[in-house]
Each structure stands twice: as C-alpha cells, then as structure tokens.
Amino acid sequence: MDRSIFQGKSSQKTSNYSGLQALVADEFENSRQSIRQMLQGLGIEHVDQTASGKGVIDSCRARRYDIILCDFRLVGNKNGQQVLEELRELTLLKPNAVFVIVSAETSRDVVMGIMESQPDEYLSKPFTQAVLARRLERQFQQSKALAEMKEHLAKEQYEPLIQQCVAHIKDEGRYTPWCKRTLVDAYLATHQFESLEQLCQQELAERDLDWALFGLARMEVARGRLDDAITILEKLLRLFPQMISAYDLLAQCLERTGKLEDAQSILEDAIRISPRIHKRQKHMANVSKANGDVTTALKASQQTLRLGVNSIHEDPDDYIQLVDMIAESVDTVESSQERKRLLSEAGQALTMVGKRFASDDAVKVRKTLAESRFHASQGQQKEAAKALENAKQMAAELEGGLPHDLVVEYGKTLYNAGETEQAEAILSSLVSDANTSEHLKQQAADFLDEPVSASAKAQAKALNKDGLLSYSKQEYVAAIKQFKEALAASPRHPGLNLNLIQTSLKLMEKQGEQPQLIAECMDAFARLKHVSPAHKQYKRLMSLKEYMVKHYSVTL
Amino acid sequence: MTLDEKQLLFKDVIGASVKDMRNSLGQVLYKLEEAPEFTGQNQQASDALAEAQYEVIRIENVVNQLHGLYLLENDSLAVQRQETYLYELVEDVVANMGSLLQAKQIDFSIKGEDICWYVDPYLLSCVLQITLLNAIRYTKDRIAVSLSAHENGTMISVIDNGQGYPDSVLESFQALVAGEAVRHISSQNTSWLYCERIAALHVNQGKQGYTRLSNDGATGGGRIDIFLP
C-alpha cells in the first residue's frame, strides 16, 4: 500500500489544488482555524472563513467556491442543512463545487437531516488532514468522471444520460452504483417501465437493496397502481426500517387511497427517525388535521413553522395554519397556563407573518382574515367582525380584487364570523365555477359539507363508523341513534345525512311508516341544499329522494 | 414532565455532550499532528506525542462506542447503508491514525480486491477503528487487513503478529457474541459488543453479519473477522 495515505501533506500534488477557492464555516474560531490550516496544507491558497449561515450565503454571493466545508452548527439561526438547501435554491453553487457538511453530532435526527439534504460529502469530526485530503480527492475525481452525465441529468436530457450510464455499467466503471440509481430516475422520467423493472429485479436477485425496491414502488405510483406500491413499500420498510423517503411515499399512497389513519401512523414513524424536515412536518399537520387529531396537528404545525423560519421553506401558509390550529385546539387544553401560552403564540405568529411578508398585500389580507377567524373561535364576535371588515377593505384595494386562491379562506372567515349566507353563496359559486382548480373546489366543497372544527369532524367520523356497523348488522334503531349523534357534531355532512335517511327508510320498510322518521328524513334533506350536481354524493341523494317521493306522500 | 419526556431530554444531554467531546478531540488531534513541527527530531518528544495520540484516538473511539451502544439501546442509531468501496474505507480509517502507526513503527498492509459492498460506512469505520486500535495494542510490529469473498458475503479480517489471545479471552468473546451475561465489563468487551452489534445490523436476504475472534494460524497473533452479508 502507498504509504502516502498516511501523509496528507506530501501525498498531495500541491499544484492541483493551488488555484482552488475554499470556504470554511464553523461556529468555533479554533475549529475554523484548524480546518483552514489543513486546507492550506493541501496547497489551497485561498481559504475564507465565516461563523454563520448568513455568512456562508453572503460569501457565496461574492465568490464562486470550489470547496465549502460547512459545519452543521453555525452561529445564527440557520444550520448547515438549511444553508445547503438555500444555496441550491439560489443557484449560488458552481455545478462542480464540493459541498461538505462537517459535524461532531451523531444524534439520529441530525445525521438523518444532513443525509436528506444530500451534501456531496459528510465528514464527521474529528478528522485528520489525511482523511480530508482523501475525501476531497475522491470528490474531485468523481465530479470529473460524472460531469457529463450530471449535466445531462440537470438538463433532463435522458436519452444520452441513459446511454452513458449503461456504457459505464457495462465497463464495470467505478461509479456503477451511481449510474444504476440514476438509471432508475431516468427510466422513471421517460416512462420506460420495462427497463426500470428489469434493472431493479436484476439487482434484487443479487441482494436486498433499498433503492431498487424504492424504484419499483415509484414505478407503480407512476402507473397509478397505488396498492401495488403500498405492498412494495411495506416490504421495503421491513427490510430497511430507516429508508426515510419510503415512509413519505407510503404515507402519500395511503392518503391517496383514503387510508388517512394509516398515513398518519407511517408519518409518525418517519418523524421519529427524521423530524427536522419541513415538508414531512407539514404533511403530518395536514393528515392529522384531516383525522381530527388536533393535538398532533398543532404540534406538527408548530414544528413546520419552526423549521420553515429562516429557510427557503418559509411560507405564510405555515403561520396561518398554526393560528387556525391554535384556534381549534385551545379549548381542549386543560391547563390555563398552557392555554395562555398558546394564545400568545398565535398572536406572535400573526405579528411575525405581517412583518416577514410586509411587502405582500395578499398576505396582509390572509393575516387579517386569520385574525378574524381566531377571534371568532374565542367567542369575540365584535373583534372578529372588525377584522373581517378590515380584510374586506384591504381585499377591495388589491389590484384585481381578492385573489382566487384566497376565496376559500375568505368564505370560511365569513362563515365563522356569522355571515353564513354570504359564505355559502361565495363558496357554492366557487364550486360551480369551471375555472376553479380541482384542489380549491375540493376545499370549498369540504368546508360546505362540514363547516365545523377538526375535532367535531373526527367525532362525527367515529360515530358514523359505529352507525355503519350497526346498519350492517341490521340494527337499524341503534344505527339511527348513532347517525343522529354524529349529525349533532357535523350537521351538514352529506354522507351522514344520507346514511340517516337510508336507515330510516330501511326501518320503515320493515315496520311500516312512522311520521317521526319521515320528519327526520325531511330535515336531513333540508340540510343538504348545498349538494350540487358535481358533488360525489349527488347521485345517491337523488335516488333516495326519488324513493322517498315514490313510497311516501311527501314532496321534495 | 412525563418519564418519556425526561428520557428524551437526557438523550439530548448525551448528544450535546458527545458533540462537545468530539469537537474538543478534533482540536487535540490536530494539535498533536502539528506538534512535530515544533519539537523537531527530539525522540523523547515524538514518543510522548505518539503515546498521547494513541490515547486520544482511544478516547474518541470509546466516545463513539459509548454513544453508539446507547443509541442502539434506545433504538435510535442512524443506519444508512450504501454502496461503499471497502479498500478505500479501510484506507480512510488508517489515514486517520496514520502518524500513530508511523510513530509506533508498525508495518501495515491491506490485501484483497477493492470490493464495493452495501454497508453503513460511518458505523463500519468505527468498527474498523476499534479492531485496528486493538491490533496496535497487541501487535509486535505488523498488522494486516484482508478483504475476501465468503459465503455470499464479504469478510474483513484484521490480523496482528503479537502473542495472540489467551483461551480465557476467546471464551469470554464467545459468550459475549452468544448474548450471555458478561461477568466483567471492560472496555475490551464493550468494544467487541459494539462491533458485533454493528455487524449484525447488516442483513441481506435473511443472512446476518457477525464478528469472530481467534488466533491466526500463520502469525500466531490475534485475528478478528467481520462478516458482512
């Protein structure tokens, strides 16, 4: 073996590195100094240093570095992972720059967070100059060897990329693993599913591999076969319980197939392993909210905001979501001290979003609407009405009026402030407007169906489940009682109302006409005026109406 | 505060302390590497530096192993396997203790092909560091690492040319990997426990990794085998 691996200094051809420019970022002066001296010892003449994340971003604006050694912990409120994401987003990195995250931490949440941001290299402290030299040399060799392929990848030129990857693998090149993974991405992007499957299966015959199983799962998702994807992902996670992106994809598949509770439990697992990821916490906030789990939704909303501040992920949505979640859950908190703390947190979030997006008028409108909803949830109707008035005025002054994507928020605020008729009118017209995106339509329709808190929704959902079970056992009287209890929590829910009607009809079919049940059915129909022909329960509503009119002397 | 939250907090305390120690160790290691420039050719000084370096790497190693075992117990050790060139990985570990091997005048060699294998490179580095430190402690003047294919897996063997292990040590190693209670906890057996646990995290098609301690037939010195499926 070459003894030069022992000696970083003498093994390096100084001339190779002399023209390079490097940046060292570390919160500690002595660490910065020693890493800087190591780099200088390798022949790099130009080495800048900084202590903060902001310092790294500013330095990268001023100079195009070849090497950046950045510690995870930095002075200020950005860590190394957030800095890397931001540099990429702002395209402040040269394509062949080597970004190394350095860290003395071995806690899983930090290590996983770093890995998920995919730096070129991860170096754990302590390390010697010899190791640094070896890693850098390897990175430069790799980036030289893969330069052309990486350029194709960045430009989405998949055909030449595939050709070069295949050739490299055939030659048993050193970067064969990289080429195989890249091939999976390229086949997926170009829908060459047969080639993808062949590659992954061939690899899997040799050994268990997370990326090959993941490739197959992504392929099934692309083909719309979500159940197959779920099966593969479950197998993958049994073999590789720390393959974090598999959790995210599995949760998405479960969510899309309506298994929201399973999706939440998978996200819980993912967050236990790697909690420092903004999009994961945000996904959790949405899924748990849909499940009516306000405690989890609140916690996830808090984390989402915390991870977003000072990063490229910062989004006014996160502030608004947190305020809404606090409004919904503050009543369920027992300790008065904790309640007080939450209320002040909501106030802070409102102030912050106003400050941080001060130049964005649409955000100002959203903030004021959120303020109104918040007051309404606390029973402060006068303040709610006042904030709503302000928001209306601000919206009127906006160029082009209220932005389309804020109509749902606006409608909800009207509803909560007691202007229910106007709210219904606005949201219904949104649902029937052909220009509205499916996503917004769904949001408006969902709100019209259930304009109640997340916990009331969850309560209704659970009672509805009980009712359906009773119905399946032909215990109609019990079922009716359960559906009615559910309706007390969520009166406008179409499925629930129709379940009540259908069960009542079944009971009368057995026991004969009962005026009380007829009256209750008529009330239920009356609660479903908002169900339009586009609604997924519309057909069922019409057929039940028809049945009712045919068999009983009622007019509908 | 619930018990769970207390444990969580303690985990953070340990994490933060380990981070501090590793930062400091980085500084000490760096100063020791730099020191020969100031001491010149003074033999006594360089012997003292080599000893200090050996001890610092040992501390680093114990910190890794302590934190690693703690995280394993709590089911919160990060395990990220990836295709890794093993020859290169061994060289990396050796490079981190290069001046130590030089100062102790130990002849070091690696045999075998540069196999690309599916392992967690960080965790395996810690294991290799443990086995190499052990070999440095007991060898006369030679350490050899060999990489070879073995039953659909890869075997990494670290062999020294010292006196070899007495039977009692080999027996206690056997008991340890068999999961029997350890009578005398020592830094030696906790480090072997760590190696065994890390090897066992490497599973492929139903096969699990393991470690084995013996005396080498050729050199008569100690030999540790790490099998990775």
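The values are calculated or read from the model by the stated rules, or taken from the named source; none is laboratory data. It should be emphasised that the depicted structure is a prediction, and the values quoted were computed from it without experimental measurement. Backbone-built Cβ (ideal geometry, glycine too); neighbour counts: all protein chains shown. Calculation scope for accessible area: heavy atoms of the full protein, side chains included, ligands and nucleic acids excluded. Shrake-Rupley method; radii C 1.70, N 1.55, O 1.52, S 1.80 Å.
Quick check: residue separation of A:ASP405 and A:LYS279 times 0.36 nm, minus the Cα distance between them. What number comes out in nm?
43.3 nm
Using a 10 Å cut-off around each Cβ of peptide B:97-110, what is the average number of partner chain Cβ atoms that fall inside?
What the average comes to for B:97-110 is 2.
Per residue of the stretch A:360-368, in order, report the coupling 6.51 cos²θ - 1.76 cosθ + 1.60 (Karplus, θ = phi - 60°) as ³J(HN,Hα) in whole Hz, putting x for Gly and Pro.
For the stretch A:360-368, the Karplus-derived couplings read 9, 5, 5, 5, 4, 4, 4, 4, 5 Hz, x marking Gly and Pro.
With a 1.4 Å probe and all protein chains left in place, how much accessible area per residue does the stretch A:240-359 have, in Å²?
44
Note down the relative contact order for chain A as a percent, whole number, built from C-alpha pairs under 8 angstrom at least six residues apart.
For chain A, the relative contact order is 6 percent.
Between A:ALA425 and A:ASN390, what is the FRET efficiency for a Förster distance of 25 Å, r being their Cβ-Cβ separation, to the nearest 0.05?
0.70
Can you tell me the order of A:120-128, B:142-150 when each peptide is scored by its average per-residue count of other Cβ atoms within 10 angstrom, highest first?
For the peptides A:120-128, B:142-150, the packing ranking is A:120-128, B:142-150.
Please list the radius of gyration and Dmax for chain A, considering alpha-carbon atoms only, with Å as the unit.
29.3, 100
Could you work out [θ]222 nm for chain B from helices alone, using -39500 (n - 2.57) per DSSP H run of at least four and dividing by all its residues? Round to the nearest 500 deg cm²/dmol.
-18500 deg cm²/dmol
What would the Debye equation give as log₁₀ I(q)/I(0) for the stretch A:3-146 at q = 0.09, 0.12 Å⁻¹, counting only Cα atoms as equal point scatterers?
Scattering profile of the stretch A:3-146, log10 relative to I(0): -0.24, -0.44.
Pull up all non-local amide H partners of A:GLU27: gap of 5 or more, or a different chain, and H-to-H distance under 5 Å with H placed in the peptide plane.
Result for A:GLU27 returns A:VAL75.
Go ahead and run the numbers for FRET between A:ARG63 and A:SER432, Cβ-Cβ distance against an R0 of 56 Å, rounding to 0.05.
0.50
Placing unit charges on C-beta atoms (Lys and Arg positive, Asp and Glu negative, everything else neutral), compute the dipole magnitude of the stretch B:82-228 about its Cα centre in debye, rounded to 20.
400
Where a ≥ b ≥ c are the square roots of the eigenvalues of the C-alpha gyration tensor, would you call the stretch B:150-197 rounded, which needs a/c under 1.5, or, failing that, prolate if a/b is larger than b/c, or oblate?
Oblate, since a/c reaches 1.5 and b/c is not below a/b.
Applying 1/(1 + (r/R0)^6) with R0 = 22 Å to the Cβ-Cβ distance of B:ILE59 and B:ASP167, what FRET efficiency is obtained, to the nearest 0.05?
0.15
Can you give the translational diffusion coefficient of the stretch A:454-551 in µm²/s, computed by Stokes-Einstein from the Kirkwood radius over Cα pairs at 10 °C and 1.306 mPa s?
In µm²/s, the coefficient rounds to 118.
What residues qualify as long-range amide H neighbours of A:GLN49, i.e. H under 5 Å apart, gap of 5 or more or another chain, H built at 1.01 Å from N?
It is A:VAL24, by chain and number.
Need one value: the accessible area of A:SER344 in square angstrom, 1.4 angstrom probe, rounded to the nearest 10.
A:SER344 has an accessible surface of roughly 60 Å² with all protein chains in place.
Using 10 Å bins from zero, what percent of all Cα-Cα pairs in the stretch B:124-229 falls into each bin?
In order of increasing distance, the bins hold 15, 48, 32, 4 percent.
Output the peptides A:471-477, B:100-106, A:240-246 sorted from most to least packed, where packing is the average of other Cβ atoms within 10 Å over each peptide's residues.
Sorting A:471-477, B:100-106, A:240-246 by mean packing, highest first, produces A:240-246, B:100-106, A:471-477.
Rounded, prolate or oblate, given the Cα gyration tensor of the stretch B:14-145, with a/c below 1.5 counting as rounded?
Oblate is the answer for the stretch B:14-145, as a/c is 1.5 or above yet b/c matches or exceeds a/b.
Amide H neighbours of B:ARG142 under 5 Å, at least 5 residues apart or on other chains, H built in the peptide plane: list them.
Result for B:ARG142 returns B:ASP107, B:ASN161.
Kirkwood hydrodynamic radius for the stretch B:3-73: how many Å is it when counted over pairs of different Cα atoms?
Across the stretch B:3-73, the inverse of the average 1/r is 14.0 Å.
Please identify, among B:ASP12, B:ASP141, B:ASP114, the residue showing maximal mean-square fluctuation in a Gaussian network model of chain B using a 10 angstrom Cα cutoff.
Evaluated over chain B, the most mobile residue of the options is B:ASP12.
Before rounding to the nearest 500, sum -39500 (n - 2.57) across all DSSP H runs of length at least 4 in chain A and divide by the residue total; then give [θ] at 222 nm in deg cm²/dmol.
Helix contribution divided over all residues of chain A: -22000 deg cm²/dmol.
With all protein chains present and a 1.4 Å probe, how do A:HIS439, B:HIS67 order by accessible area, largest first?
A:HIS439, B:HIS67
Can you give the mean number of other chain Cβ atoms that lie within 10 Å of the Cβ atoms in peptide A:107-116?
Taking all residues of A:107-116 together, the mean is 4.
Tell me, what ³J(HN,Hα) does each residue in the stretch A:160-170 have, in order and in whole Hz, if you take phi through Karplus 6.51 cos²θ - 1.76 cosθ + 1.60 with θ = phi - 60° and put x for Gly and Pro?
x, 4, 4, 4, 5, 4, 4, 5, 4, 5, 4
Quick check of the Kirkwood formula: for the stretch A:156-276, what is the inverse mean of 1/r over all pairs of different Cα atoms, in Å?
After inverting the mean inverse Cα-Cα distance, the result is 15.1 Å.
Where does each of A:ILE169, A:ILE101 land when they are ordered by accessible area, with a 1.4 Å probe and the largest first?
A:ILE169, A:ILE101
What is the extension gain from A:GLN381 to A:VAL166, computed as 0.36 nm multiplied by their sequence separation minus the C-alpha to C-alpha distance, in nm to one decimal?
Value of the extension gain: 70.7 nm.
Need the full-extension length gain, A:ILE312 to A:GLN157, defined as separation in residues times 0.36 nm minus the C-alpha distance. One decimal, nm.
53.1 nm
Give, in whole angstrom and from largest to smallest, the semi-axes √(5λ) of the equivalent ellipsoid of the stretch A:52-91, with λ running over the eigenvalues of the Cα gyration tensor.
Sorted largest first and rounded, they come to 15, 10, 10 Å.
Would you compute the Debye intensity of the stretch A:220-311 from its alpha-carbon atoms alone, equal scatterers and no solvent, and pass along log10 I(q)/I(0) at q = 0.12, 0.23 Å⁻¹ to two decimals?
Here the Debye-derived log intensity ratios amount to -0.36, -1.11.
So what are the ³J(HN,Hα) numbers for the stretch A:27-42, from phi and the Karplus equation (6.51, -1.76, 1.60; θ = phi - 60°), rounded to whole Hz, Gly and Pro as x?
Going residue by residue, I get 6, 9, 4, 5, 5, 4, 4, 5, 5, 4, 5, 4, 5, 5, x, 8 Hz, with x marking Gly and Pro.
For chain A, give me every cysteine whose Cβ has no other Cys Cβ within less than 4.7 Å, ordered by residue number.
So far as the 4.7 Å Cβ criterion goes, A:CYS60, A:CYS70, A:CYS200, A:CYS253, A:CYS521 stand without a partner in chain A.
Quick one: how many Å² of A:LEU427 are accessible to a 1.4 Å probe, rounded to 10?
0
Send over the per residue convex hull volume for chain B, Cα only, as a whole number of Å³.
148
When the gyration tensor of the stretch B:74-113 is built from Cα positions, what are the square roots of 5 times its three eigenvalues, in whole Å, from largest to smallest?
Each semi-axis is √(5λ); the values are 27, 16, 7 Å.
How well do other chains shield peptide A:120-129, expressed as the mean number of their Cβ atoms within 10 Å of each residue Cβ?
Going residue by residue through A:120-129 and averaging, the value is 6.
What distance in nm lies between label points placed 7 Å from Cα along the C-beta direction at B:SER109 and A:GLN198?
4.5
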